[in-house]
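Asker: Take this structure first; my questions come after.
Nothing in this text is a laboratory measurement; each read-out follows from the coordinates by a stated rule. These figures come from a predicted structure and were not determined experimentally. Note that each Cβ is placed from the backbone with ideal geometry, even for glycine, and that neighbours are counted across all protein chains shown.
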Amino acid sequence: MKMANSAVSLQELGISDLRAGRAVIGALVFEVRGPEGSAKAAALAEKLAGLFAEREDVRVSARVQFLPPRPLQCFKCLEMGYVRHGCTTPENRTGACYR
Ligand SMILES: [Zn+2]
């Protein structure tokens, strides 16, 4: 990966938020977030594939995964399906978050 770090410029690809992790099978997984993340991930995969073209032990692939939309949740009572603006519940659980 050191070779990839020096050969691929994330800035050039417009990638500012890259997260790295490991899959269960041990593969390196990079997550490109944000707008146009799929195009940026594809560009990164193309660069990496070119970089590791000679290596038979390295395989590069890109996959796009969209997260499901987040459901509405009231941040006052924490019930689902509506937001604080329309909340008529007397419970106030705003202090229940542990962040
Ligand atoms: Zn509420």
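Asker: Assign unit charges at the C-beta atoms only (+1 for Lys and Arg, -1 for Asp and Glu), then state the dipole size of the chain relative to its Cα centre in Debye, rounded to the nearest 20. Spell out each step's value before the answer.
Answerer: Working: 14 positive and 10 negative charges, 75 e Å.
Rounded to the nearest 20 debye, it is 360 debye.
Asker: Still on this structure, please answer the following. Please report the net charge: other residues with Cβ closer than 12 Å to the Cβ of F30, K and R +1, D and E -1. Write down the numbers at each step before the final one.
Answerer: Numbers: positive: R19, R22, R33, K40, K47, R63; negative: D17, E31.
So the surrounding residues net to +4.
Asker: Next question. Label points 7 Å out from Cα along the Cβ direction at V83 and L67: separation in nm?
Answerer: For the pair V83/L67, the computed spacing is 1.7 nm.
Asker: Using a Gaussian network model of the chain whose springs link C-alpha atoms within less than 10 Å, name the residue from E54, E46, E79 with the highest mean-square fluctuation.
Answerer: Largest GNM mean-square fluctuation: E79.
Asker: For the chain, with a Gaussian network of springs between Cα atoms less than 10 Å apart, report the residue from V32, V58, V24 with the top mean-square fluctuation.
Answerer: Per the Cα network of the chain with a 10 Å cutoff, V24 tops the list.
Asker: Suppose only helical runs count, i.e. DSSP H with n ≥ 4. What mean residue ellipticity at 222 nm does that imply for the chain under -39500 (n - 2.57) per run, divided by all residues and rounded to the nearest 500 deg cm²/dmol? Present the calculation step by step, with values, prior to reporting the outcome.
Answerer: Working: 2 runs with 21 residues, N = 99.
Helix contribution divided over all residues of the chain: -6500 deg cm²/dmol.
Asker: Return the FRET efficiency for the residue pair E91, D17: r is the Cβ-Cβ distance, R0 is 30 Å, and the value is rounded to the nearest 0.05.
Answerer: Values: r = 36 Å, r/R0 = 1.20.
E(calc), rounded to 0.05, equals 0.25.
Asker: Which of K76, K40, K47 comes first, and how do the rest follow, when ranked by fewest Cβ neighbours within 10 Å? Mind showing how you got there, number by number?
Answerer: Numbers: K76 15, K40 21, K47 18.
Least crowded to most crowded, the residues run K76, K47, K40.
Asker: In percent, what relative contact order does the chain have, based on Cα pairs under 8 Å that are 6 or more apart in sequence? Kindly include the intermediate steps, with their values, before the conclusion.
Answerer: Values: 87 pairs, mean separation 14.5, N = 99.
Reported relative contact order: 15 percent.
Asker: Within the chain, which is the longest segment containing none of the chymotrypsin sites (Phe, Trp or Tyr not before Pro) that sit in a DSSP loop and have at most 10 other Cβ atoms within 10 Å? Before the final figure, lay out the partial values.
Answerer: Details: sites that count: F66, Y98.
The longest uninterrupted stretch comes out as 1-65.
Asker: Compute the long axis of helix 37-51 from its Cα atoms, compare it with the longest principal axis of the Cα atoms of the chain, and write down the angle in degrees, 0 to 90, nearest 10.
Answerer: It works out to around 20 degrees.
Asker: Is segment 1-52 best put as rounded, prolate or oblate by its Cα gyration tensor, with a ≥ b ≥ c the root eigenvalues, rounded for a/c under 1.5, and otherwise prolate when a/b is larger than b/c, oblate when not? Could the numbers behind the result be given before it?
Answerer: Numbers: a/c = 1.69, a/b = 1.13, b/c = 1.50.
Note, shape of segment 1-52 comes out oblate.
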